[in-house]
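Worksheet for the structure shown next.
No lab work stands behind these numbers, since they all come straight from the coordinates. Being a predicted model, the structure only gives us computed values, none of them experimental. Neighbour counts are summed over all protein chains in view; Cβ atoms, including those assigned to glycine, are modelled from backbone coordinates with ideal geometry.
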Amino acid sequence: CAKKAKTPKDSNNDLAACRMLLSELEAHQDAWPFLSPVRHKSVPGYRKVIKKPMDFSTIKEKLTNNLYLNLETFIIDVNLVFDNCQKFNEDDSEIGRAGHRMRRFFDKRWTELL
Ligand SMILES: Cc1ncccc1N[C@@H](C)c1ccc2c(c1)OCCO2
């Protein structure tokens with residue numbers, strides 16, 4: 001089917017949706033490992049293993065500086081948070097479990113927007 005033209009209104013709607021989704025992620029009780037950048041000095045090996053670190057505060061900064069083209073590019077960064085978490089943390093660990101719960105929550109919320 002023909003691609004829907006992106007009007008300024010569409011972009012503003014995407015921006016509002018990103019802001020809403022991010023605030024829900026930040027308010028989630030399992031968000032604690034993801035709220036700010038992982039300090040590689042307190043997490044040995046993190047900088048070597050995780051090539052593209054990402055966290056909710058960095059996403060908020062990028063959103064504020066208008067660095068996301070649309071909802072898709074925003075979702076890519078949110079998924080990067082969860083993919084990094086799965087790569088570095090055992091599934092059966094506090095942080096690993098929090099990551100799975102947050103990913104499930106996020107997938108449910110953004111698909112409800114479609
Ligand atoms: C998402 C993630 N993946 C792997 C490692 C850490 C983290 N999160 C940091 C904030 C973090 C979460 C929990 C911590 C910690 C740092 O430093 C030591 C005490 O417990």
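Descriptive notes on the structure:
- Relative contact order [Cα under 8 Å, 6+ residues apart], the chain, whole percent: 30
- Computing FRET efficiency as 1/(1 + (r/R0)^6) for ASN79 and ASN12, where r is the C-beta to C-beta distance and R0 is 41 Å, gives about 0.95.
- Full-stretch length increase - PHE105, ARG39 - with 0.36 nm per residue and alpha-carbon distance subtracted: 21.2 nm
- Dividing the helix sum by the residues of the chain, where each DSSP H run of 4 or more adds -39500 (n - 2.57), gives a mean residue ellipticity at 222 nm of -19500 deg cm²/dmol.
- Applying the criteria of a DSSP loop state and at most 12 other Cβ atoms within 10 Å to the GluC sites (Glu not before Pro) of the stretch 1-92 yields GLU90.
- When only alpha carbons are used to place a centre, the stretch 46-114 and the stretch 1-33 end up 13 Å from one another.
- Average 1/r across all pairs of distinct alpha carbons in the chain, invert it, and you get the Kirkwood radius: 15.0 Å.
- Summary: within the chain, the longest segment free of trypsin sites (Lys or Arg not before Pro) located in DSSP loops with at most 13 other C-beta atoms within 10 Å is 52-114.
- Using alpha carbons only, the radius of gyration of the stretch 52-108 set against its Kirkwood radius gives Rg/Rh = 1.01.
- Gained length - GLU94 relative to GLU26, 0.36 nm times residue gap less alpha-carbon distance: 22.7 nm
- Dipole moment magnitude, nearest 20 debye, the stretch 24-114 about Cα centre, only Lys, Arg, Asp, Glu C-beta charged: 380
- For the cross-link pairs LYS41/LYS87; LYS6/LYS108; LYS48/LYS108; LYS9/LYS52; LYS51/LYS87; LYS6/LYS51, the ones whose C-alpha atoms lie over 22 Å apart are LYS6/LYS108; LYS48/LYS108; LYS9/LYS52; LYS6/LYS51.
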